[in-house]
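The values are calculated or read from the model by the stated rules, or taken from the named source; none is laboratory data. From a predicted model like this one, the values you see are computed outputs, not experimental measurements. Every residue, glycine among them, receives a Cβ derived from its backbone with ideal geometry; neighbour counts consider all protein chains shown.
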Amino acid sequence: MKKVLAIDMGATSGKGIVGYVQDDKIILNEVMRFYHNIKEINGRLFWDWEKIICEIIRLIKKLDSHDFVSIGIDTWGVDFGILDGEGNLIEFPLSYRDPMNENTFKELLKRFSKEDIYMLTGNQVMEINTLFQIESIKENNYDLFKQIDKIVLMPDLINYYLTGNIFAEKTMASTTQLFDMVNKKWNYDLIEKLKYPKKLFPEIIDNCRTIGNTKNSLIDELKDKDIDVISVASHDTASAVSITKAFFNDETMFLSSGTWSLLGVCTEEPIINKFAFENDLTNECGFSDKNLFLKNITGLWLIERVIKELEHRKKYTYEEINRLVMDSPHFSCTFDIDQVPTSLGGSIVNFIMDYAEKTNQSIPDNDGIIFRSIYESLVFKYYETVLSIEECLSREFKEIQVISGGSKSNIMCQMLADITNKIILAGPSEATALGNIVIQLIKDKQILNMEEAFNMIKNSFENKTYYPKNHNKWQRAYQKYLRLIEKKE
């Protein structure tokens, strides 16, 4: 039985999941899960790279390499490590939540218009994007910038440590705001305008390529393992979307609901026009050059932050939160989630209460109302995004497949069905790791293509379907919400 390993790195945790085919089903076994944090060093926010790489070493050492044909790495987008001319990591990778990015974002937009950057790259112009992080290093620490020989995106950095080879996997490169979405290569015109040396950007590679082998790892402890490392769709969203119905059915949208929410559709070509720019819609590469046309939206990070805020008096589980939300009044307080600060500082609870007071809404007086206000505000933003995408493409979609952690939230999925008046397909919750695994199995010729994989997944995992129940009630609440955020602006 030939097995593969997905190492699925999220912004707060990582996990190793083994996958294989048995009796026309895909079997998953989680072998390890670990947590990691952002570290503040001299006022900057860095990923704890030492912790991340030590946990990955511990994970791979658990494996008997004779049972495994390959390993695939996926991570969140935009972040990177910087290497010197000797191939050494100069410092821990900065986090996209580093507050310095905001100032650089504002300064760079004095030299380039947001619309020009969008038209060149097709990416939603956000301060977290790789472009603005590189610019932050260049403008705030030019001596450090001059030391850089290679900028290596997070999954590619892990692959480098595992194999000794440096590449830029295409789905990840497309998150940087330095990628040419039309020609599928680095956007050297923009790179030259920014005065970045071309040498900083590694060769871009496609999916299903063998990057190298652990025999040549930079890590001595892994050199006896003899496992190939494969270029999966290393941006976690691309891996997750690849196993959805939306990947091959043009009547289905996807919502990858995790720390961030990514809501969109699959298209054959990038959609780059003024309407898409004005509505903050972005293009990213998916598996096998499928275009993902979507919006990046703050996600369950808001719930995670409030859980952490309240843990000094009560440690909430998601099951407890769901019960609280069910028992809380509807639409007593909603807010524009785009106004919530993305940096790590500040209180989300205080933000919601201040927002409620300034907009003459009921100020939440218990935790259930706080949690319900987040869920309702999230699905209002989802609906706004659905309407934008449908208007941009001049068509309507019948259903939305919700994947990743949010697919397990019965409350959120039913809210989404009600507000959109669409059928909601929920699951699988481990979509990212599953997409990673499926791509490795396709590379190993154990699965023919994504459509065959989708049918195998339907037979392998239980998913739920939600139907609209209270669309008119939600529509009235949405109109009230629109008036509210217009007044606030």
Just give me the residues in region 203-241 being among the hydroxyl-bearing types (Ser, Thr, Tyr), out of contact with any Phe, Trp or Tyr (no Cβ under 8 Å at 6 or more places or on another chain) and closer than 25 Å to residue 254 by Cβ, in sequence order.
234, 237
Residue 83 being more than 20 Å from the chain's Cα centre (by Cα), in the same structural domain as residue 55 (by TED's automatic domain parsing) and either buried (at least 16 other Cβ atoms within 10 Å of the Cβ) or farther than 26 Å from residue 10 by Cβ (or both):
yes
Within region 326-373, count every residue that is in contact (Cβ under 8 Å) with a residue 60 or more places away in the chain and of a type in the set (Ser, Thr, Tyr).
5
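Out of 462, 452, 430, which single residue is acidic (Asp, Glu), surrounded by fewer than 21 Cβ atoms within 10 Å (Cβ to Cβ) and under 27 Å from residue 382 (Cα atoms)?
Within the list 462, 452, 430, the selection yields 462.
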So if I check each of 387, 393, which one is free of Cβ contacts under 8 Å to residues at least 12 places away in the same chain, of a type outside the set (Val, Ile, Thr) and surrounded by fewer than 20 Cβ atoms within 10 Å (Cβ to Cβ)?
387
Restricting attention to region 26-54, and to residues there that are part of a strand (DSSP E or B) and among the acidic types (Asp, Glu), which single residue is modelled with the lowest pLDDT?
40
Among residues of region 90-117 being without any contact (Cβ under 8 Å) to a residue 60 or more places away in the chain and more than 24 Å from residue 260 (Cβ to Cβ), the residue surrounded by the fewest Cβ atoms within 10 Å (Cβ to Cβ) is 110
Every residue in region 245-296 that is touching a Lys or Arg at 6+ places or on another chain (Cβ under 7 Å), among the charged types (D, E, K, R) and crowded, with 18+ Cβ neighbours inside 10 Å, please.
none
Can you name every residue in region 11-45 that is small (Gly, Ala, Ser) and closer than 20 Å to residue 101 by Cβ?
11, 43
Please tell me if residue 295 is in the same structural domain as residue 405 (by TED's automatic domain parsing), charged (D, E, K, R) and not in a helix (DSSP H, G or I).
yes
A careful count of residues in region 97-123 that are out of contact with any Pro (no Cβ under 8 Å at 6 or more places or on another chain), modelled with pLDDT of 95 or more and assigned to a loop (DSSP other than H, G, I, E, B) gives 6
From the list 60, 52, 56, exactly one residue is in contact with an Asp or Glu (Cβ under 9 Å, 6 or more places away or on another chain), crowded, with 18+ Cβ neighbours inside 10 Å and in contact (Cβ under 8 Å) with a residue 40 or more places away in the chain. Which is it?
60
Can you tell which of 26, 71 is crowded, with 19+ Cβ neighbours inside 10 Å and over 21 Å from the mean Cα position of the chain (by Cα)?
26
On the basis of being under 25 Å from residue 477 (Cβ atoms), at pLDDT 95 or above and part of a helix (DSSP H, G or I), does residue 323 make the cut?
yes
For region 1-57, what are the residues that are over 27 Å from residue 455 (Cβ atoms) and among the hydroxyl-bearing types (Ser, Thr, Tyr)?
12, 13, 35
Of those in region 404-418 that are surrounded by 24 or more Cβ atoms within 10 Å (Cβ to Cβ) and out of contact with any Cys (no Cβ under 9 Å at 6 or more places or on another chain), the residue farthest from residue 380 (Cα to Cα) is 404
Restricting attention to region 319-341, and to residues there that are buried (at least 16 other Cβ atoms within 10 Å of the Cβ) and of a type outside the set (A, V, I, L, M, F, W, C), which single residue is nearest to the chain's Cα centre (by Cα)?
336
Would you be able to say whether some residue in region 340-348 is assigned by TED's automatic domain parsing to the domain that holds residue 302, of a type in the set (Ser, Thr, Tyr) and assigned to a helix (DSSP H, G or I)?
no
Would you call residue 302 under 15 Å from the mean Cα position of the chain (by Cα), assigned to a helix (DSSP H, G or I) and more than 18 Å from residue 77 (Cβ to Cβ)?
yes
Having 3 or more residues that are surrounded by fewer than 23 Cβ atoms within 10 Å (Cβ to Cβ) and of a type in the set (D, E, K, R) is the bar; report the helices (runs of 4 or more DSSP H) wholly within region 133-232 that clear it.
188-193
Residues of region 244-280 classified as within 15 Å of the chain's Cα centre (by Cα) and part of a loop (DSSP other than H, G, I, E, B), total
2
